[in-house]
1. Mind putting a number on the dipole of the protein assembly as shown about its Cα centre? Charges go on the C-beta only, +1 for Lys and Arg and -1 for Asp and Glu, and I need it in Debye to the nearest 20.
2. Can you find, among B:CYS91, B:TYR35, B:GLY63, the residue sitting farthest towards the positive end of the charge dipole of the protein assembly as shown, where Lys and Arg contribute +1 and Asp and Glu -1 at Cβ?
3. Mind listing which GluC sites (Glu not before Pro) in the range B:17-114 are in a DSSP loop and have 11 or fewer other Cβ atoms within 10 Å?
4. Whose amide H sits under 5 Å from the amide H of A:LYS101, counting only residues 5 or more places off or on another chain, with H placed in the peptide plane?
5. Could you put A:THR98, B:THR79 in order, starting from the residue whose Cβ has the fewest other Cβ atoms within 10 Å?
6. Average the reciprocal distances over every distinct pair of alpha-carbons in the protein assembly as shown, invert the result, and give the Kirkwood radius in Å.
7. Just the projected area, averaged over all directions, of the convex hull on the alpha carbon atoms of chain A: how many nm²?
8. Could you quote the convex hull projected area for chain B, Cα atoms only and averaged over all directions, in nm²?
Amino acid sequence: GIQVEQSPPDLILQEGANSTLRCNFSDSVNNLQWFHQNPWGQLINLFYIPSGTKQNGRLSATTVATERYSLLYISSSQTTDSGVYFCAVWGGGADGLTFGKGTHLIIQP
Amino acid sequence: DGGITQSPKYLFRKEGQNVTLSCEQNLNHDAMYWYRQDPGQGLRLIYYSQIVNDFQKGDIAEGYSVSREKKESFPLTVTSAQKNPTAFYLCASSSDRVGGVIQYFGAGTRLSVL
């Protein structure tokens, strides 16, 4: 099946810093989503981005499908941005999303 | 409010006991999914259903069972055959059977073994 690798696994930053999270996938996809998992476990949809670039406030994402990677940018980080960020892809067929292991982001005040 | 409701939030299982996790959605979505998350890991697919009265095994279906008698409901039973059931369980739904649409997730159920 399709493989998803996220980097870095852990990231500690000061408030106000910018960050880039990467997601590599092993095959062509027709669905790529970025999620933020809050401390209570809720998965919050950030972006549905199988290709192209999208922006939502301080967050933006870019997927280069031909090169099989996606990037999530967080600018001017706030402590509330802390949590785990997951990339998940759908390689085709009728099954579910395949998740990476996530990037654990800690924003220190 | 439209969304996915999972209950209970916390559940404890005794040895040899079957337990059922509830998942209800009012989004009128055809497809529903169950995922398992272990500490420090991503989510893994247990079962999915594309339509009422039909469901398929995912990557880690052993020790679990599901039913889909109604469009809005997709309960997951963790059977006594699942030897390591302690995990966080997440239910999801999407509007289409194929992958080109967004999946939405419930708030999850934490299952522990007594």
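Rule-based calculations on the coordinates, nothing more; no lab input. On a predicted model such as this, the values are computed, not experimentally measured, just so you know. Glycine also receives a Cβ, built like all others from the backbone with ideal geometry; neighbour counts cover every protein chain displayed.
1. 260
2. It is B:GLY63.
3. Within the range B:17-114, the qualifying GluC sites (Glu not before Pro) (loop, at most 11 other Cβ atoms within 10 Å) are B:GLU62, B:GLU69.
4. The answer is A:GLN6.
5. Values: A:THR98 23, B:THR79 15.
Fewest-to-most ranking of A:THR98, B:THR79: B:THR79, A:THR98.
6. Values: mean 1/r = 0.0559 Å⁻¹.
Value: 17.9 Å, from the Cα pair sum.
7. Approximately 6.4 nm², given one-decimal rounding.
8. Over all viewing directions, chain B projects a mean Cα-hull area of 6.8 nm².
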